[in-house]
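The values are calculated or read from the model by the stated rules, or taken from the named source; none is laboratory data. Only a predicted model underlies this, so the values are computations on that prediction, with no experimental measurement involved. Heads up, the Cβs are rebuilt from the backbone with ideal geometry, glycines too, and the neighbour counts pull from every protein chain shown.
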Amino acid sequence: MSRKQQALIVGLGQFGRALARTLASRGVEVIAVDVSEIAVQMVADVVADCMVLDASSEAALAQLEPQRRDLCVCTIGSEARDAAIVVTALLRQMGAPRVVARANDDTTERILRLVGAHEVVNPERAFGERLATRLLYSDIIEELPLGDDLVISEIRPPRLLVGRSLRELDLRKRSKISVIAIRRELDGLGRALVPNADDRILADDILVVVAPRNAVQQLLEVAT
């Protein structure tokens, strides 16, 4: 039996709690810590272990053995920016193999990268960008960035694509858009299909595509 992945989450605000619960629900062994006993109690029922602890203390953080965890996430928000920077630096110094840190502004993001974060996330900005896209383009259901250049999107097919085959449309050549799956109702059940070139797009399909940033929006603007 393979070993469960282990994640250490430092900071249990709304974002940290949501992350802890989601990782735990997906089979990850989560160790969650915060300086607030109330915040710790809010995830105690779902995580493998939790404790009230000031992770900006080197001695206290060392007790958690971050070097043994597959993932360490510092989700401390802007209200304690100095603590977030210290915790991120200590995690790297202690040999944590993957350190992800949260930032709420560009300055904090630069500092977190300088002290060694492997990845820096800004959940508020990311959500705002995705929401803006969904509000402007109602046919985009969801987006997931893949680095800085590519995006996975779920979209409703625009009118000019319906009834035509993927071979005929040749979206990869014309728009640099690759259709990697089609979600379709079959026999009353929603199914995800791996498409082939001769599959025709139906009006009720949901297309899962990979494309450069803004490519899907450009397609929707000309094909709707």
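Every residue, every condition in (1) of a type in the set (Lys, Arg); (2) part of a helix (DSSP H, G or I); (3) touching a Phe, Trp or Tyr at 6+ places or on another chain (Cβ under 8 Å), yes or no:
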position	(1), (2), (3)
151	no, no, no
163	no, no, no
167	yes, yes, no
172	yes, yes, no
182	no, no, no
198	no, no, no
207	no, no, no
221	no, yes, no
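In the range 7-47, what residues are farther than 15 Å from residue 83 by Cβ and charged (D, E, K, R)? Within the range 7-47, 17, 21, 26, 29, 37, 45 meet the criteria. Within the range 148-156, is there a residue that is assigned by TED's automatic domain parsing to the domain that holds residue 215, out of contact with any Leu (no Cβ under 8 Å at 6 or more places or on another chain) and among the aliphatic types (A, V, I, L, M)? Yes. Within the range 184-196, being assigned to a loop (DSSP other than H, G, I, E, B) and within 29 Å of the chain's Cα centre (by Cα) holds for 194, 195, 196.
Of the residues 115, 120, 179, 151, only one is touching a residue at least 60 places away in the same chain (Cβ under 8 Å) and either among the hydrophobic types (A, V, I, L, M, F, W, C) or within 24 Å of residue 83 (Cα to Cα) (or both); which? So that I can check it myself, show each step before the final result.
Values: 115 fails: touching a residue at least 60 places away in the same chain (Cβ under 8 Å); 120 fails: touching a residue at least 60 places away in the same chain (Cβ under 8 Å); 179 fails: touching a residue at least 60 places away in the same chain (Cβ under 8 Å).
Of the residues listed, the single one that is touching a residue at least 60 places away in the same chain (Cβ under 8 Å) and either among the hydrophobic types (A, V, I, L, M, F, W, C) or within 24 Å of residue 83 (Cα to Cα) (or both) is 151.
Checking the stated criteria, residue 24 turns out to be out of contact with any Ser or Thr (no Cβ under 6 Å at 6 or more places or on another chain), surrounded by 14 or more Cβ atoms within 10 Å (Cβ to Cβ) and outside the structural domain of residue 147 (by TED's automatic domain parsing). Summed over the range 86-106, the residues that are out of contact with any strand residue (DSSP E or B) (no Cβ under 8 Å at 6 or more places or on another chain) and at pLDDT below 95 give a count of 3. Within the range 88-99, being touching a Cys at 6+ places or on another chain (Cβ under 7 Å) and aliphatic (A, V, I, L, M) holds for 91, 96, 99. Restricting 51, 94 to residues that are touching a helix residue (DSSP H, G or I) at 6+ places or on another chain (Cβ under 6 Å) and either aromatic (Phe, Trp, Tyr) or surrounded by fewer than 21 Cβ atoms within 10 Å (Cβ to Cβ) (or both) narrows the list to 94. Within the range 18-40, being within 17 Å of residue 54 (Cα to Cα) and not in a loop (DSSP other than H, G, I, E, B) holds for 31, 32, 33, 34, 37, 38, 39, 40.
Residue count for the range 191-222 under the criterion of being surrounded by fewer than 16 Cβ atoms within 10 Å (Cβ to Cβ), small (Gly, Ala, Ser) and closer than 14 Å to residue 181 by Cβ: the result is 1.
Taking (1) more than 20 Å from the chain's Cα centre (by Cα); (2) under 20 Å from residue 85 (Cβ atoms) in turn, residue 50 satisfies each apart from (2). Kindly establish whether residue 184 is surrounded by fewer than 19 Cβ atoms within 10 Å (Cβ to Cβ), charged (D, E, K, R) and under 30 Å from residue 57 (Cα atoms). Spelling it out, it is not the case that residue 184 is surrounded by fewer than 19 Cβ atoms within 10 Å (Cβ to Cβ), charged (D, E, K, R) and under 30 Å from residue 57 (Cα atoms). Taken together, the residues in the range 53-74 that are within 23 Å of the chain's Cα centre (by Cα) and either aliphatic (A, V, I, L, M) or over 20 Å from residue 117 (Cα atoms) (or both) amount to 2.
Pick from 55, 80, 96, 117: which is closer than 30 Å to residue 147 by Cβ and not in a loop (DSSP other than H, G, I, E, B)? One residue alone meets the criteria, 80.
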